Amino acid sequence: MRNALLYLLVIITGLLFVGRLFYLQVIDDSFKLQSESNAYKRMRVYPERGHVYDRNQQLLVANQPSYDLMVIPRKVKPFDTLQLCDLLAIDKERLIKQLKKARHYSPRLPSPVVAQMSKIEYASLQEKIRKFPGFYIQKRSARDYQTTIGANVLGYIAEVTPQKVKNKPYYQSGDLYGKSGVEKSYEKILRGKKGVKYLQKDKFNRDIGSYKNGTLDTLPENGKDITITIDAVLQQYGEELMANKRGGIIAIEPSTGEILSLVSAPSYNPALLVGRQRSRNFTKLYLDSIAKPLFDRSLQGQYAPGSPFKLLNALIALEEGVIDENTKVTCRHGLHYGARKPFGCHCPSGTSNNLNKAIFASCNAYFGKTYLNILNKYPNASIGVQKWSKHAKSFGLGNYLNNDLSVGNKGRIPDSAYYNGAYGKNRLRSTYIISNSIGQGEVETTPIQLANMTAAIANRGFYYTPHIVKNIKGGTLPKKFTTKRVTTISPEHFEPVIQGMFDVYEKNGGTGYYARIKGIEICGKTGTSEVYGKIDGVRTQLDDHSVFVAFAPKDNPKIAIAVFVEHGFWGSRWAAPIASLMIEKYLRGTISRKDLEVRMLNGSLQHVYDSFISGEPFKINRNRPR
Amino acid sequence: MRNKGNILVRIDWLMILIYFVLVFIGWLNIYSASYTEGSTLGMMSQPHGRQQVFIGLSIFLIILILAIEAKFYERFSSVIYLVSLLSLAGLFLFGKNISGATSWYSFGGFSIQPSEFAKFATALALAKFMSDTQTNIKLLNHLLKIFAIIFLPALIIIPQPDPGSAMVYAAFFFVLYREGLSPIYLLLGFSGATLFVLTLVLDPMMISLICTVIALLIYFKNRKKKHSKLLYVAILGLCIGLSYSVNYIFENVFEQRHRDRFNIVLGKEVDTKGIGYNTAQSEIAIGNGGWTGKGWLQGTQTKGGFVPEQHTDYIFSTVGEEWGFLGSSFVVFLFVALILRVLHRADLQKSKFSRVYGYSVAAILFVHFLINIAMVMGVFPTVGIPLPFFSYGGSGLWGFTILLFIFIKLDANRINEW
């Protein structure tokens, strides 16, 4: 019997082991999961971001390799710090700090020492990198701007924020995404689709080849190229014209709603936001609270439109039947309508203006009277203002355009609800809001809304939502950009208004007379909008904005444009000439009026802007002593 | 003598077959555990390449062992034992320290671990002493001599330090029991071990209480037998004393790493990243295998090198991951089959020397098999002892090969005896 003991023990042990194996391998799943988290690493493979072309297929944005110097602290051996610092153009403290940071993160995993080096920096470093064990160069893809213009249109890409990573699982820390402009609007198309590569890891978390021979891997899908509606030549010219001025230029092709140029001044070179100096440059732009280069004035700037708004009021008055072409209003150097002060105008007293003249000479009295007539046509002003507001909004005013530009502003077209809030229900009197008649008062628009309104007039009653995308390679345009949007104004009412706009240029006494171009039939309207600002907390009237809207040619228009020059004194001083130069450039390609061009290119309003913050007293709409 | 030319007929081919299957499977798994991209067969820089050489030399050893006259082992057992003891003692002077233990002699790039060879030497010496017709295990005098033979090598090995290898010598208790040692020793050993583990899980107070209750129950049940009350009190006192002293030893004599290893297995501490890393990763590797395993060279745990010492002591985790439940059960089956076969052949021996030696072989293989696989599966504290025929290492492989094949030779020779 004694020899049975060991037999028994051996058999029992064998059975227990098989039982334990059964438990570990067949019953309990937790080990499998743990081994998976041990065993592989999911690596994103980044696709090439799509290129951006202008409407004439000029390449605007491409990609360039950018190089990060990476370090694996564990592998670093003593090296010539001075030489490395020289090659990287950084000081020793910074290098030491970066190495310390890297070691803190992980001694075995790579960390960046210097990010986004250019090809030139890379070239000199690459020859010597072998002298620095533990360091290597990681190639990445960065944006390569083929142009210095259009920063506000093109936008930029930046590293995702932790918040974004949390909300959008597609992104992971360190990814780049479009943060403004086209890069933002078409992020999904431009970015492509990341691929996944599974790498098998060892116990040090090092890669030791592909996992399951790459059967689980997916290839990245490159981003699609897009063509934008911008005409790079026109855009560049616009930016040059706006040099040393603040404001915006929007040019739209009325027949399609394509935005030909979208100038916001001041702007910056988009290449500033690429490369080693990116974060320094961005901070500088971001913190410039005076010139606000990151603020897109053509899209976000909300201004009183001034006189161009008279065009809209004329159209509404015609539609509502309160005037016709021949209705005359006598201007007594203003309109006396029962208030303490007359509604001022620049016409000599006793001028009798019909619609045509009221437009080309921009008579305030005419439009003040007409506006009151529109409102008073209805039992009370609240109903009137509601009717009026509806007409105005049909031109795309007072709300977001709902287009593919990443920023925008609603502007403001007041309606009865707005005034009920301001004055109490039905307490509104038409005379309270007479300023709306000339685009002052509560009315506010953004330059792009104004340009769109002009396009709608040019089209005689409809518009296409202004948009920036012309063509997506292998994609289709959203339907909303090809849908005709019809205004509430009947087509026949446009002709007299357009004739008035035409005469702005053609008739002596027209506000754009001096900006006309031989051979091109331009229809336009100047504007001078009063503006108040706070200086040291005191509401102060500042120099008027210079506004101009135009389209050309008169028949079959090719371009509609709105120009806004902040504090440009009056419409015909800056905005009208700039608009006419833009139109000439776009339609003819060359400029015949060289002296005007030179004056506009070299003209500067910097001293005016400086005077607001100088602390010295100033008189508005005068040249400042330099 | 007349059957000398016939050894190939008399030899037990089953044991040899199992031996070669185990060695081959072992080598496959060493290859996988030490595989890196670009590995080729016979690369001497890799463990699997060196193991190939070790296996080749083993075959040479086997031929040598089978060729030598069987009587040689019995006659020279004392000499072999003494040489073995000297080689162990010599470590204190000439030994080389590898990963914390001075258990190796180093000749150039080549190391030998004498403790691997001391096992068969001790088995031979024990067999020789026991087979002496004068020896009576019931005599305390003789028993002490037997204990001396067994525990002398262990005592030299412990301070190297290599407690794992020393532990194996407990295997000889099974042999002694088979040969007539009072079961009291085994019983004491088992109760001692049980008490030890229970003390670590519960506290001494609790143990004392339980022991008292059990003692009272037994006493009242056996009242009629009129045992001396004193005996009960003495045994109870011994248990309680042991429990408290275990507690004291554990807390004050053991080093922290030993305490940690016990605590991990007993589930008193969970630490899969630090001290429990080995065990946790090994369990993950085995658990990752599933029914049929990941396939040879496909184990992610194995390829990633997550299990430390995987090609040596933890080689069974590779089997678990890459060959799954079926493969690892098969390996368990092979070991069980081999040990049972050795036991069976040992029982058939007419010569006491062969029988005792055979029993020793079976017991040593069993203890290695038990402790190693229990450790790899996370039910026994981490103790560094190899899996016979499986783990990487020349000394280990040769030590077990000699151990087994001397028995095969003795077994093949049994007809010559009377």
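Across segment B:314-364, the qualifying residues are those that are more than 21 Å from the chain's Cα centre (by Cα) and not in a helix (DSSP H, G or I), and the one among them that is nearest to the other protein chains (Cβ to nearest Cβ) is B:Gln349. In summary, B:Phe390 fulfils each of the numbered conditions (1) within 12 Å of chain A (Cβ to nearest Cβ); (2) touching a Gly at 6+ places or on another chain (Cβ under 6 Å) with the single exception of condition (1). Scanning segment A:401-432 for residues that are touching a residue at least 60 places away in the same chain (Cβ under 8 Å) and among the aliphatic types (A, V, I, L, M) yields A:Leu401, A:Leu405, A:Val407.
When the test is whether a residue is in contact with a Gly (Cβ under 7 Å, 6 or more places away or on another chain), farther than 20 Å from A:Asn3 by Cα and of a type outside the set (Val, Ile, Thr), B:Gly164 passes it.
Listed here are the residues, each with its yes/no results for (1) modelled with pLDDT of 90 or more; (2) within 14 Å of another protein chain (Cβ to nearest Cβ); (3) buried (at least 19 other Cβ atoms within 10 Å of the Cβ).
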site	(1), (2), (3)
A:Arg2	no, yes, no
A:Phe31	no, yes, yes
A:Ser37	no, yes, no
A:Arg44	no, no, no
A:Val52	yes, no, yes
A:Lys101	no, no, no
A:Arg108	no, yes, no
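Could you tell me whether segment A:480-502 includes any residue that is at positive phi and in the same structural domain as A:Cys363 (by TED's automatic domain parsing)? Taking every residue of segment A:480-502 in turn, none turns out to be at positive phi and in the same structural domain as A:Cys363 (by TED's automatic domain parsing). In segment B:123-133 there is no residue that is at pLDDT 90 or above, over 26 Å from B:Asp411 (Cβ atoms) and among the charged types (D, E, K, R).
For segment B:129-155, residues that are more than 28 Å from B:Leu57 (Cα to Cα) and within 21 Å of the chain's Cα centre (by Cα) total 8. Among the residues of this structure, A:Pro112 counts as one that is more than 14 Å from chain B (Cβ to nearest Cβ) and surrounded by fewer than 18 Cβ atoms within 10 Å (Cβ to Cβ). Evaluating B:Ile157 against the criteria (1) surrounded by fewer than 22 Cβ atoms within 10 Å (Cβ to Cβ); (2) farther than 19 Å from B:Leu370 by Cα leaves one unmet condition, (1).
Among the residues of segment B:156-205, those that are in a loop (DSSP other than H, G, I, E, B), in contact (Cβ under 8 Å) with a residue 12 or more places away in the chain and farther than 21 Å from B:Asp347 by Cα comprise B:Gln160, B:Pro161, B:Asp162, B:Asp203. Within segment B:295-305, the set of residues being out of contact with any strand residue (DSSP E or B) (no Cβ under 9 Å at 6 or more places or on another chain) and either within 8 Å of chain A (Cβ to nearest Cβ) or crowded, with 23+ Cβ neighbours inside 10 Å (or both) comprises B:Gly299, B:Gln301, B:Thr302. B:Arg414 meets the conditions (1) touching a residue at least 12 places away in the same chain (Cβ under 8 Å); (2) under 22 Å from A:Leu6 (Cα atoms) in every case but one. The failed one is (2). For segment A:394-435, a residue qualifies if it is within 22 Å of the chain's Cα centre (by Cα), farther than 26 Å from A:Cys345 by Cβ and of a type in the set (Lys, Arg), and exactly one does: A:Lys410.
A:Thr476 satisfies every condition listed in (1) more than 30 Å from A:Ser185 (Cα to Cα); (2) part of a loop (DSSP other than H, G, I, E, B) except (1). One residue stands out in segment A:130-171 among those that are in contact (Cβ under 8 Å) with a residue 60 or more places away in the chain and more than 25 Å from A:Asp404 (Cα to Cα): the one that is surrounded by the fewest Cβ atoms within 10 Å (Cβ to Cβ), namely A:Lys139. One residue stands out in segment A:517-565 among those that are part of a strand (DSSP E or B) and either outside the structural domain of A:Gly603 (by TED's automatic domain parsing) or of a type in the set (Lys, Arg) (or both): the one that is farthest from A:Leu601 (Cα to Cα), namely A:Arg539.
Among the residues of segment A:270-297, those that are more than 16 Å from A:Ala142 (Cα to Cα) and surrounded by fewer than 16 Cβ atoms within 10 Å (Cβ to Cβ) comprise A:Arg280, A:Thr283, A:Lys284, A:Tyr286, A:Leu287, A:Asp288, A:Ser289, A:Ile290, A:Ala291.
The values are calculated or read from the model by the stated rules, or taken from the named source; none is laboratory data. Note that the structure is predicted; figures quoted are calculated from it, not measured. So basically every Cβ, Gly included, is an ideal-geometry build from the backbone, and we count neighbours across all protein chains shown.
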